[in-house]
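The structure under discussion appears below in the form of C-alpha cells.
The values are calculated or read from the model by the stated rules, or taken from the named source; none is laboratory data. Because the structure is a prediction, the values reported are computed rather than measured. Heads up, the Cβs are rebuilt from the backbone with ideal geometry, glycines too, and the neighbour counts pull from every protein chain shown. These area figures cover heavy atoms from the full protein model, side chains too; ligands, DNA and RNA do not enter into them. Shrake-Rupley method; radii C 1.70, N 1.55, O 1.52, S 1.80 Å.
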Amino acid sequence: MRRLRLALALAALLSAAACGSGADSEAPPPPPQAVTLESVGHYCGMALNEHGGPKGQIFIKGRAAPVWFSSIKQVFAYTLLPEEPKAISAIYVNDMGTAGPDGAPDPSVWIDARQAYYVIEGRFIGGMGVEDAMPFSQRERAEAFARAHGGRVAAFADVPEAYVFAQ
C-alpha cells in the first residue's frame, strides 16, 4: 500500500511538472527591443548603431535580452548553424518598407522575421558592407524593391542556405 501511494504521488508530481512546461510554450513572444548604445552584433562584436541597413534580433527562451545582428544574413545564419541555440521564441527584423531616401529603415519598426518577404541576390549593400537580404512586411514593396535593385523575393523558409553562407 505504501508503494502504491508513493507511485501515485510521483505520478501526480510528474503530471504537474509536465503541465507547467506546456504553459511556458504558450507564453506570447517577447516584444522587439530598441537598439541602444549597448546593442552589439553577435558575430561582429560591433555596436549596431555604427552600421547602416536593416538589423535583426532573436530572442532565446529563458533569456530576457535579444541576440543582436548587424545584417539580415547573420539572422538566417544563426537559425541554421547547428552550434547556435534552437529554443527561439521570436525573431524580428527592420522593415525596409520604412526606409527613407538614404536607404536607412526606421529603427523603431520591427516585424516578425518569419512573416517577412526578403529580396535576396540583389545589389543593395547592407550594414556589413556586402550584399544583404532586405526584409519587407509587404510583398508588393519587396517586389518593387527587387525591380529597382535586382534580386528576387523569397519567404523566410525559402531563403536558400547557399545564399546565406555565400561570400
* To do: Tell me which of these GLY127 doesn't satisfy, since it passes every other one: (1) loosely packed, with under 12 Cβ neighbours inside 10 Å; (2) in a loop (DSSP other than H, G, I, E, B).
  => (1)
* **Subset of the range 114-124 (residues that are open to solvent by less than 40 Å² (accessible area, probe 1.4 Å) and in a strand (DSSP E or B))** => TYR118, VAL119, ILE120
* Structure fact -> Matching residues in the range 99-117 (at pLDDT 95 or above, over 18 Å from HIS51 (Cβ atoms) and either over 16 Å from the mean Cα position of the chain (by Cα) or aromatic (Phe, Trp, Tyr) (or both)) number 1
* Structure fact -> Over the range 76-100, the set of residues within 16 Å of PRO135 (Cα to Cα), touching a residue at least 60 places away in the same chain (Cβ under 8 Å) and not in a strand (DSSP E or B) is PHE76, ALA77
* Asked: Of the residues that make up the range 50-73, is at least one at pLDDT below 85 and more than 18 Å from MET128 (Cα to Cα)?
  -> no
* Asked: Only one of (1) within 12 Å of the chain's Cα centre (by Cα); (2) among the hydrophobic types (A, V, I, L, M, F, W, C); (3) modelled with pLDDT under 95 fails for ALA148. Which number is that?
  -> (1)
* Asked: Which numbered condition trips up GLY103, out of (1) in contact (Cβ under 8 Å) with a residue 40 or more places away in the chain; (2) assigned to a loop (DSSP other than H, G, I, E, B); (3) in contact with a Lys or Arg (Cβ under 9 Å, 6 or more places away or on another chain)?
  -> (3)
* Hey, among the residues in the range 118-137 that are within 17 Å of the chain's Cα centre (by Cα) and not aliphatic (A, V, I, L, M), which one's nearest to LYS73 (Cα to Cα)? -> ASP132
* Asked: Of the residues that sit in the range 144-158 and are in a helix (DSSP H, G or I) and out of contact with any Lys or Arg (no Cβ under 9 Å at 6 or more places or on another chain), which one is surrounded by the most Cβ atoms within 10 Å (Cβ to Cβ)?
  -> PHE145
* Structure fact -> Of the residues in the range 52-72, those that are buried (at least 24 other Cβ atoms within 10 Å of the Cβ) and touching a residue at least 40 places away in the same chain (Cβ under 8 Å) number 7
* Is it fair to say PRO135 is at pLDDT below 95 and either assigned to a helix (DSSP H, G or I) or not aromatic (Phe, Trp, Tyr) (or both)? -> no
